[in-house]
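Visitor: Have a look at the structure that comes next, please.
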Amino acid sequence: MKTESVEVDAYTIPQFCNRHSISRATFYKIQKEGNAPKIFYCGKKPLVSIEAAREWRAVREMEQLCRKPNKPSPENRPGLIA
């Protein structure tokens, strides 16, 4: 029997967390900090649109690129031979 792949337009919070390998506790922590993806409601159910998830990932990636490393690399540390 052939199963059809169903493309989703939005994730529930547990689906979003599973898809992005974070716990629900982490989701609610980053939401409290103002760093969670935008959510919308279908009735009382909070959902994250595919677009909001994509935007959230892009922002996280840019944060990583813009973040300065905590430790200088060996070539930037005087006196060390790499």
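What follows draws every value from the coordinates through simple rules; no lab data is involved. Keep in mind that this is a model prediction, so the values were computed, not measured. Glycine also receives a Cβ, built like all others from the backbone with ideal geometry; neighbour counts cover every protein chain displayed.
Visitor: Which chymotrypsin sites (Phe, Trp or Tyr not before Pro) from region 2-45 combine a DSSP loop assignment with at most 11 other Cβ atoms within 10 Å?
Guide: none
Visitor: Could you give the nm distance between label points at A58 and R19, where each point is 7 Å from its Cα heading toward the beta carbon?
Guide: The answer from the label model is 1.5 nm.
Visitor: Expected output is a single nm value to one decimal: the length gained when fully extending between R67 and E33, i.e. 0.36 nm times separation in residues minus the C-alpha distance. What is it?
Guide: 10.4 nm
Visitor: Another question about this same structure. Starting from the Cα-Cα distance between D9 and F40, subtract it from 0.36 nm times their residue separation and give me the gain in nm to one decimal.
Guide: Full-extension gain reported as 10.0 nm.
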